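The values are calculated or read from the model by the stated rules, or taken from the named source; none is laboratory data. These figures come from a predicted structure and were not determined experimentally. A quick note on method: Cβ atoms are made from the backbone with ideal geometry, for glycine too, and the neighbour counts reach across all protein chains shown. All accessible areas refer to the heavy atoms of the entire protein, side chains included, with ligands and DNA or RNA removed. Shrake-Rupley method; radii C 1.70, N 1.55, O 1.52, S 1.80 Å.
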Amino acid sequence: MADIKIPGSELEEVSRSLGFVLDNIDTDKSGIDLDRAVGYPLIDQGDNFERRWNDGREQLHRQCDAIKKAVDQILEQFKDTDDKAVAHLEGN
């Protein structure tokens, strides 16, 4: 009989990681005076990054959200299947 490996813990980690990304994807400078903190050359590069980041942020947010929902559905299906198998083996 073949062993079947269900990657539950790995999928849970993917879900947690994507949740972290989704929770933090919209962070901004939070009122920090970056000009005083790091100076002009880094500010210019930071502003350039921020403009480019804004272009892709919404698409990345949608894709991460869709992947997280799919992973969560897979996890729920694994759990439901496992619960039904246990109930069947116990004779319920």
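Which of the residues belonging to the stretch 66-78 are open to solvent by 50 Å² or more (accessible area, probe 1.4 Å) and either among the aliphatic types (A, V, I, L, M) or in contact (Cβ under 8 Å) with a residue 40 or more places away in the chain (or both)? Step through it out loud before you land on a result.
Quick first cut of the stretch 66-78, residues open to solvent by 50 Å² or more (accessible area, probe 1.4 Å) only: 66-67, 69, 72-74, 76-78.
Within the stretch 66-78, ALA66, ILE67, ASP72, ILE74, PHE78 meet the criteria.
Taking the stretch 1-46 as the search range and keeping residues that are farther than 30 Å from ASP82 by Cβ and among the acidic types (Asp, Glu), which one is modelled with the lowest pLDDT? So that I can check it myself, show each step before the final result.
Taking the stretch 1-46 as the starting set, the residues that turn out to be farther than 30 Å from ASP82 by Cβ are 24-46.
Now restrict to residues that are among the acidic types (Asp, Glu): 26, 28, 33, 35, 44.
Values: ASP26: 78, ASP28: 66, ASP33: 70, ASP35: 69, ASP44: 82.
Top of the filtered list is ASP28.
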The residue that is farthest from ASP26 (Cα to Cα), considering only those in the stretch 38-53 that are open to solvent by less than 80 Å² (accessible area, probe 1.4 Å) and assigned to a helix (DSSP H, G or I), is VAL38
